[in-house]
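Laboratory data are not the source of any read-out in this text; all were calculated from the coordinates shown. In this text the structure is predicted, and so the values were computed from the model without any measurement. FYI the Cβ positions are ideal-geometry reconstructions off the backbone, even for glycines, and counts take in every protein chain you see.
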Amino acid sequence: MEFNTMTGKTAIITGANSGLGLETAKTFVRLGARVILAVRDLEKGKAAEQEIREESPKAPIEVMKLDLSDLDSVRAFAETFSSRFDSLDLLINNAGVMTPPYAKTKDGFELQLGSNHLGHFALTGLLLPLLIHTENSRVVTLSSLAHRNAAIDFDNLDGSKGYKAMKFYGQSKLANLMFATELDKRLKQQGLSTLSIGCHPGISSTNLFKIGGREMPRIFKGLMNRYLQPPSMGALPTVYAATASGITGGEYIGPDGKGQRRGYPTLEKPDPAVNDEATRQKLWDVSEQLTGVTFDFNK
C-alpha cells in the first residue's frame, strides 16, 4: 500500500518494542517520521531500536520509559516529553495486555482496563495541550474484534466481584473504542483540528497471544503464523488511520477480509454499544475520576 509522507512529523507509539507497535514504528520511520518508542522495558525497547536501525541507520528514533499500568510513570513520561518537544503530530495508543491472570495495577485498577484504557486515557489527556497545539495532529487508539458483544460493567470495574480474563479484555477494548469516539466528538465541539480515530488489527500473530499468561508453545506459534496475518499486515490499519488524507475523525478502521480478521485497511462499523452516548459520557467521567486526569480543550 502507498502511504503519505510523514517527513517532519513526530510520533509516539506505546508498546513499540514488539508486534504491531514495532511494525508501526518501522513504517513510520520509512515514511520519514521522528518516532518515540514508548516502552515499559527499556532493554527490549533498545533491542527494537537496534532492529529498526539495521534497516534505517540514521532514523530519528528514541526510546523512552512508559509503564501504562503506573500513573506515576505516565505522568513522568508526559512531563519529560512535553519539556523536550514543542509539538506532537501523532499519538498511537497501541500497547496492551490480553487475558492475563487476575491482577491489579500499581494504582489498584484491574490490569487490562488499567493498562489498555485508563493508562492511555491519562496519557492522552496529559499530552493534549501539545496535540491541539500541533495543527492536524491525530490520536489513534487500538481496539479489537473483542469489543463486539462486550459491555462496561461499572459495578465491577476492578474485578473484585468476579473476573473472567476474556470478558475483561473485551471490556477494555470496548472502552478503547468508546474513548476514541468520545474524544473525537469533544475535539470537534471545540472546533479543533486534532482528530481521534479508532482501529483494530484483525487477528494478528503477536506476542499478545498467550495461554494463561504464559508464552504459547512453538507448535501453536507456527500454526498462528500460518493462519493469522503477520504483524506487518496487522499494523496497516494503524498506519492508515495515522496517515490517510481522507480521514476526518471518528472513524473505525480494520482489515477488509472475511470477518475483518485479515486484509487491507477499510472503514468499518463498530459494535452498536460504541454509539451509546450515555455510557460513553459515564466512562469518560469515571476515567477522569480514577486517573485524576481532566482534559483541557482550550488551545
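Just a few scattered comments:
- Working from Cα pairs under 8 Å separated by at least six residues, relative contact order for segment 81-129 is 31 percent.
- Charged-residue dipole, Cβ positions (Lys, Arg, Asp, Glu), the chain about Cα centre, Debye nearest 20: 820
- Label-to-label distance, nm, for residues given as Asp256 and Glu51 (7 Å Cα→Cβ offset): 2.8
- Taking only the Cα atoms of the chain, the radius of gyration and Dmax are 17.6, 53 Å.
- In the chain, helices alone account for a calculated mean residue ellipticity at 222 nm of -12500 deg cm²/dmol, with every DSSP H run of four or more residues adding -39,500 (n - 2.57).
- Hits among aspartates and glutamates - C-alpha to C-alpha of Lys58 under 19 Å, sequence gap 8 or more where chains match: Glu23, Glu49
- Set of lysines with alpha-carbon distance to Lys299 below 19 Å, sequence-local pairs under 8 removed: Lys185, Lys188
- Relative contact order (%) - criterion: Cα under 8 Å, at least six apart; region: segment 1-142: 24
- Principal axis extents of the C-alpha atoms in segment 1-139 (largest first, rounded to whole Å): 41, 32, 27.
- Each part reduced to its alpha carbon centroid, segment 1-23 and segment 94-160 end up 19 Å apart.
- Trypsin sites (Lys or Arg not before Pro) lying in DSSP loop within segment 43-112, provided at most 15 other Cβ fall within 10 Å: Lys58, Lys106
- The longest stretch of the chain left intact once loop-based GluC sites (Glu not before Pro) with at most 13 other Cβ atoms within 10 Å are removed from consideration, loops following DSSP, is 136-299.
- One chain, two ends: Gln289 and Glu135. Fully extended at 0.36 nm per residue, the span grows by 52.5 nm beyond their Cα-Cα distance.
- Candidates Thr7, Ser69, Met98 compared by Cα position along the dipole of segment 1-136: farthest toward the positive end lies Thr7, with charges placed on Cβ.
- Each Cα pair under 8 Å and six or more residues apart adds its separation to the average, and for the chain the resulting relative contact order is 18 percent.
- Sites Thr7 and Phe297 - FRET efficiency at Förster radius 25 Å, r taken between beta-carbons, to 0.05: 0.30
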